[in-house]
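Report on the following structure.
The values are calculated or read from the model by the stated rules, or taken from the named source; none is laboratory data. Note that the structure is a prediction, hence the values are computed from the model and not measured. Here the Cβ positions follow ideal geometry from the backbone for every residue, glycine too, while neighbour counts run over all protein chains shown. Accessible surface is based on the protein model in full, side chains and every heavy atom, while ligands, DNA and RNA are left aside. Shrake-Rupley method; radii C 1.70, N 1.55, O 1.52, S 1.80 Å.
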Amino acid sequence: MYAGSTGMNEAGLTLAAHQHLIERLDLGGVPAGPAAHAVLSRASTIEEALEVLRAFPVVGGWSYVLTEG
């Protein structure tokens with residue numbers, strides 16, 4: 001079983017983080033939880049969310065789904 005998490009902020013931006021299998025683990029990034037929190041705390045649009053995520057390279061096998069509106 002693989003974990004995931006979702007959230008929505010006051011601007012209506014939603015983020016879903018999904019864990020998946022990877023071939024190689026890189027521990028040089030930021031855990032998905034703090035990265036997702038940063039997105040929902042700082043961003044109001046998908047464009048802003050992508051800027052935040054680019055500053056927080058993720059550890060391991062996580063992908064993000066973003067919606068707004």
Can you tell me the 0 to 90 degree angle between the C-alpha axis of helix 32-42 and the longest principal axis of the chain, rounded to 10? 20
Report the equivalent ellipsoid semi-axes for the chain in whole Å, largest first, defined as the square roots of five times the eigenvalues of the gyration tensor built from alpha carbon atoms. 21, 13, 9
Sort L15, L66, L50 by heavy-atom solvent-accessible area, probe 1.4 angstrom, most to least. L50, L66, L15
If you roll a 1.4 angstrom probe over the protein chains with everything in place, what fraction of the accessible area of the chain belongs to carbon and sulfur, to the nearest %? 56
Karplus couplings for segment 13-20 from phi (6.51 cos²θ - 1.76 cosθ + 1.60, θ = phi - 60°), rounded to Hz, Gly and Pro as x? 7, 10, 9, 10, 10, 10, 8, 9
Which angle from 0 to 90°, rounded to the nearest 10, does the C-alpha axis of helix 46-55 make with the longest principal axis of the chain? 40
Would you please name the GluC sites (Glu not before Pro) within segment 10-69 that are DSSP coil residues with at most 10 other C-beta atoms within 10 Å of their C-beta? E10, E23
Mean accessible area per residue over the chain (1.4 angstrom probe, all protein chains present, square angstrom) is 67
